[in-house]
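Enquirer: Structure below; questions to follow.
The values are calculated or read from the model by the stated rules, or taken from the named source; none is laboratory data. As the structure is a computational prediction, the values presented were derived from the model and not from experiment. No Cβ is skipped: glycine too gets one built from the backbone with ideal geometry, and neighbour counts run over all protein chains shown. When the accessible area is computed, the model is the full protein with side chains, heavy atoms only, and any ligands, DNA or RNA have been set aside. Shrake-Rupley method; radii C 1.70, N 1.55, O 1.52, S 1.80 Å.
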Amino acid sequence: MLEWHCMKNVKYTAFTGKPVEIDENSLIMAIESSCDETACSIVKGGREVIANVVASQIKTHEKYGGVFPEIAAREHLEAINVVIDETYKQANLTSNDITAYAATVGPGLVGCLLVGLNAAKTLALVHDKPFIGVNHLNAHLCANYIDTNLKPPFLALLVSGGHTQIIDVKSYSEQIIIGETIDDAVGEAYDKVARLIGLPYPGGPKLDKMAQEGNPKAFVLPQAKVDGYNFSFSGLKTAMLRLVKSFEGKELPTADLCASFQECVSTVLYKKLKIALENSGYKQVVLAGGVAANSEIRKKVFSLKDEGYDVFAPPMRYCTDNAAMVASCAYLNTNTFNTIDAEVFSRVK
Ligand code: KG4
Ligand code: ZN
């Protein structure tokens, strides 16, 4: 049974500026298009998913070994109307039922973000409903509120393609980053190492799968010592490059390389998170971001249950990019971009 957290607040319609009360019965339609997934979702009261549609571009980008921004933007354009229609159909609802429209405004690929943002703004203007712009990283965190009764405060480990952060989530709208990577993000390191080893795009999940067949103790890799709750993964990436080169002319022990890399990354993340958690005094810990789908990182973070912590991580479908997390964020995190002239941004300002 979901507990409703009353987040009553007033937002204003995009065309005539009429006040609209947003409450636990509000249905928010959100669009996500920051990278290579065109997604749309309708969520009630920030926690109950009514419809969730994701169109993935994996097939398109596979042949380039990574996301090609201009092609990604064009694919979003082709998919967006179909994905929105499918969402209404899945929910058996029409625009009359929607309280507000939301979209990711950044960080992400600008050309891609523009497609989702303009679609949500147009819907808000045409139907005269409020528009809510959402930060993609906040949305990843909010994936943990879907179908749960999780309430702040808690500590979060956010691991994505572009970010690696330990966040002190003091309230739904107040978050303090207490540690982050000083170079590569975890997802980025996964993708680069996967390419180095010769695994196809998308590298992260492929490396994770391969690691499960290897010996995590096969190679000892460097765990960077960085101040405070910060991380560094570029040294590990270089160590992997050297290791791979040392096998030139011989067969690459792919599974062992993957397992050893995964062991090193997950251990570093776990150790820092645990220290941060002990110092915070919080009893709840949350895993978020695309890399929260990683089997070993999940296993290590969930082992904190044995130490008396409540551990949360979204189910797989809400770890990687989706619009349900954006709709949840639009409702629960009031720290949003609510004007119709909100602009896209590629990086955190
Ligand atoms: O959070 P996300 O959508 O990226 C950003 O918002 O920046 O997640 C995408 C990242 C990619 O780097 C992808 O390789 C990684 O998450 N990823 C994984 C796994 N599934 C996705 N990395 C390791 N293991 C996985 N199972
Ligand atoms: Zn993401």
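Enquirer: Taking the range 127-153, which residues are part of a loop (DSSP other than H, G, I, E, B) and away from ligand 1 (no atom under 16 Å from the Cβ)? Step through it out loud before you land on a result.
Expert: Here is the first cut: in the range 127-153, the residues part of a loop (DSSP other than H, G, I, E, B) are 127-129, 146-153.
Those that are part of a loop (DSSP other than H, G, I, E, B) and away from ligand 1 (no atom under 16 Å from the Cβ): H127, D128, K129, D147, T148, N149, L150, K151, P152, P153.
Enquirer: Then there's this: Of everything in the range 163-211, what is in a loop (DSSP other than H, G, I, E, B), surrounded by fewer than 21 Cβ atoms within 10 Å (Cβ to Cβ) and within 12 Å of ligand 1 (Cβ to nearest atom)? Give them in sequence order. Reasoning before the result, please.
Expert: Taking the range 163-211 as the starting set, the residues that turn out to be in a loop (DSSP other than H, G, I, E, B) are 163, 170-174, 182-185, 198-202.
Within this subset, residues satisfying the condition of being surrounded by fewer than 21 Cβ atoms within 10 Å (Cβ to Cβ) are 170-171, 173-174, 182-183, 198, 200-201.
P200, Y201 - these are the residues of the range 163-211 that are in a loop (DSSP other than H, G, I, E, B), surrounded by fewer than 21 Cβ atoms within 10 Å (Cβ to Cβ) and within 12 Å of ligand 1 (Cβ to nearest atom).
Enquirer: Filter the range 298-349 down to the residues that are more than 16 Å from the chain's Cα centre (by Cα), under 21 Å from E24 (Cβ atoms) and open to solvent by 30 Å² or more (accessible area, probe 1.4 Å) and list them by number.
Expert: Across the range 298-349, the qualifying residues are T334, N335, N338.
Quick grid of which residues meet (1) part of a helix (DSSP H, G or I); (2) at pLDDT 95 or above; (3) among the hydrophobic types (A, V, I, L, M, F, W, C); (4) within 18 Å of the chain's Cα centre (by Cα):
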{"residue": "I42", "(1), (2), (3), (4)": "no, yes, yes, yes"}
{"residue": "A55", "(1), (2), (3), (4)": "no, yes, yes, yes"}
{"residue": "K59", "(1), (2), (3), (4)": "yes, no, no, no"}
{"residue": "V67", "(1), (2), (3), (4)": "no, no, yes, yes"}
{"residue": "V82", "(1), (2), (3), (4)": "yes, yes, yes, no"}
{"residue": "A103", "(1), (2), (3), (4)": "no, yes, yes, yes"}
{"residue": "N118", "(1), (2), (3), (4)": "yes, yes, no, no"}
{"residue": "L125", "(1), (2), (3), (4)": "yes, yes, yes, no"}
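Enquirer: Looking at the structure I just gave you, is A139 open to solvent by less than 40 Å² (accessible area, probe 1.4 Å) and in the same structural domain as E48 (by TED's automatic domain parsing)? Break it down into steps so the answer makes sense when it comes.
Expert: Numbers: open to solvent by less than 40 Å² (accessible area, probe 1.4 Å): yes; in the same structural domain as E48 (by TED's automatic domain parsing): yes.
Yes; evaluated as a whole, the condition is true for this residue.
Enquirer: Let me ask something additional. Taking the condition modelled with pLDDT under 95, away from ligand 1 (no atom under 16 Å from the Cβ) and not acidic (D, E), does F247 pass? Before the answer, list the steps.
Expert: Values: modelled with pLDDT under 95: no; away from ligand 1 (no atom under 16 Å from the Cβ): yes; not acidic (D, E): yes.
No, not satisfied.
Enquirer: Please state which of the following conditions Q262 fails to meet, knowing it meets all the rest: (1) within 16 Å of ligand 2 (Cβ to nearest atom); (2) buried (at least 18 other Cβ atoms within 10 Å of the Cβ).
Expert: Q262 satisfies all of (1) within 16 Å of ligand 2 (Cβ to nearest atom); (2) buried (at least 18 other Cβ atoms within 10 Å of the Cβ) except (1).
Enquirer: What residue, among those in the range 247-275 that are in a helix (DSSP H, G or I) and among the acidic types (D, E), is farthest from the chain's Cα centre (by Cα)? I'd like the intermediate steps shown before the answer.
Expert: At the first step, the residues of the range 247-275 found to be in a helix (DSSP H, G or I) are 254-275.
Pick out the ones that are also among the acidic types (D, E) and you get 256, 263.
On the way: D256: 28, E263: 22 Å.
Restricting to residues being in a helix (DSSP H, G or I) and among the acidic types (D, E), the top hit is D256.
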